[in-house]
Structure formats: C-alpha cells, structure tokens
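K.L.:
Here you go, one structure.
The values are calculated or read from the model by the stated rules, or taken from the named source; none is laboratory data. Because the structure is predicted, anything quoted here is derived from the model rather than measured. Neighbour counts run over all protein chains shown; Cβ positions are idealised from the backbone, glycine included.
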C-alpha cells in the first residue's frame, strides 16, 4: 500500500486551471479496490437473481451500494486481524477472501458452502480467513468482537478485531456494555458502524436523539469519527489511522462509516419508505463507477483493461453459480455434526 506523493508546483500566472483529480494511492491499490467492489456487486446482483428463481431460500440481505467499505478496510488492516459483523455480510466475507464459489454454495444450502450449507445467508464463518461471521441476532456480534479483542490482548498479539454493526444495532444495550469494557481494559478493537441510514425501514432520525452515531463513543472517551463510506480512499485512511492507534496499545476506536444500500433491508423489502430521488442521489456517488472513472483518468488502466476485469469477474460469478447448482445438499447425517454438545445436558432427572 503506497500513497502517491502530491506535487506542490503551481501553474504559471495566467494559466487556466484544469480541474483534475489527483491520485492519493498507487495503481495497484486502485485496481484492487475496483476489482473487490465489482466482484461483490456482481455476486450480490446474481444472488438476487437466483433468489427470484427460488434457487436461494430464506433470508437474503445484499450489500449493494456499500462495497467500498470492505475494499477500503481490507487494504488498511492485516490478514491476521479478525473481523466479526452482522447479517448483511456477503460482501465483507468475499472481501476477506471467502471464495465466491463457497459463498454462493452456502446461499444454496449446499455441502460445498463455506459453512457446509448450514449457515445460509446470515452465518458465513471462516476461521482460516479470521472471519467470525455473519451473525443473525441484531447487535449480538458487538460483545463477540469485544471478546475476540480481549483474547488477542490476553495472548499478547499485535492483532485487532474489527467489530462491525449497523445503525439499528447501535440502539442495543450490548453496545454500551462492550464500549465500557473495551475502554476500561484498553482492548484492541475497532468498532465500525455501517450507517446506511435505515434500521430495516426506520430512519436514524426517527430512532435516535443522536443522529451522529459516532458521538456515542465520546461518552466513553473513545476516539470516534464519522467517515464518508462512498469511496474507498476515505475508508482506508480512517481505518489505517484507527488501526495505528489500536496497535499502539491505546485501546479501542469507533468509526461511523456513512453509506447507503440501494435495495431494501432484505429481499422481501420493496423499500417504499425511501423516495426514488433519494436512492438516485446516492447512486450518483456510486463507489464503483467513480473509482472506475478515476482509474481511467489517472491512466492506471485502459478501457480494454477495465473490460477485461469485468469479463473476468462475470466468468467467475457464472462459475460460482454453476458450482452451487452442481453441488450436493448435505447428508442428513450431518445434522448433528459441527455442533457444541455436552453429555447429560440439560441434566434433568
């Protein structure tokens, strides 16, 4: 990850100024961000399509519009760092390195899924990738992430735990208990609120007297900031700053990353509580489209190279669907495997 040095030279007097973006990161970083965001976007679009064809059942919460968060986050942290998040999490898992094949197979409930078809849309998990979910209970991942951070401190590692939740989960009492404990023990945890404006169908303004959610951390003397979540540059810079603070042993950090989801809360939500104008306004800030434009403007890729990336990802997602289609469902004997059990429980006589 290399930042690009900026030139301090000024144009000659009388020279008309041409408004042009200046790259803040190198070519490799921009292309990685673009590929990650596009992969997540195409995966989620295809998941919606397969749901409509009844190939995917149950709940489905897609990440469309929020892709720059996982792209900017992964470039700012280390593979050894842990991540725990909520149920709108396919994009976060794919950004972490979970393959689109195993992700799609999991949505299909197939044995080749990342959780052997037992977790479904809301419960991806990969110890290998240091990805601890994907949690279906609103806010339940906040104390889990705090506990993972405690384990890292106890073991004396240099790792941190990114603990992600939505604006709705910010209303849970578990958040305040976790914030208090994390600050008291200076735990290496980065709390991230992905604020897409709506807790299911209810806006932040209708559910909280404090619409700036990052201010919740200030009551615990926790460093807290708001971040523009519609571009990977600002996400990366904010998370890199927070990670440096945490690794220095100074305790937790809280970022409210302001983003937007283009679809409803879940696949069954038409999103009628939002105006078309509001959705279109955010689509004008689409992180994939704007990052593609920057890559072309900076000369980091040609139109042909951009098309090659798009074709590669389309092929990957096509193959992921084919893989899921051709995979087997788990055998009935798998029902009792991968579960925690204790002999004699519940100890009734």
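K.L.:
I need a count of the residues in region 308-349 that are in a helix (DSSP H, G or I) and modelled with pLDDT of 95 or more.
P.N.:
So the count comes out to 19.
K.L.:
Taking region 1-58 as the region of interest, how many residues are modelled with pLDDT of 90 or more, surrounded by 10 or more Cβ atoms within 10 Å (Cβ to Cβ) and part of a loop (DSSP other than H, G, I, E, B)?
P.N.:
Number of matching residues: 5.
K.L.:
I've got another one for you. List the residue pairs whose Cβ atoms are under 7 Å apart, where the first residue sits in region 153-165 and is on the phi > 0 side of the Ramachandran plot and in contact (Cβ under 8 Å) with a residue 40 or more places away in the chain, the second is surrounded by fewer than 20 Cβ atoms within 10 Å (Cβ to Cβ) and in a loop (DSSP other than H, G, I, E, B), and the two are 6 or more positions apart or on different chains.
P.N.:
Final answer for the pair search is none.
K.L.:
Starting from region 257-274, take each residue that is more than 16 Å from residue 45 (Cβ to Cβ) and list its partners that are surrounded by fewer than 16 Cβ atoms within 10 Å (Cβ to Cβ), counting only C-beta distances under 6 angstrom and pairs at least six apart or across chains.
P.N.:
Close Cβ pairs satisfying both conditions: 265/200; 273/201.
K.L.:
How many residues does region 171-198 hold that are farther than 15 Å from residue 69 by Cα and surrounded by 24 or more Cβ atoms within 10 Å (Cβ to Cβ)?
P.N.:
5
K.L.:
Which of the residues spanning region 140-159 are closer than 12 Å to residue 249 by Cα, in contact with a helix residue (DSSP H, G or I) (Cβ under 8 Å, 6 or more places away or on another chain) and in a loop (DSSP other than H, G, I, E, B)?
P.N.:
Result: 158, 159.
K.L.:
Checking residue 111 against (1) surrounded by fewer than 18 Cβ atoms within 10 Å (Cβ to Cβ); (2) at pLDDT below 95, which single condition isn't satisfied?
P.N.:
With respect to (1) surrounded by fewer than 18 Cβ atoms within 10 Å (Cβ to Cβ); (2) at pLDDT below 95, residue 111 is out only on (2).
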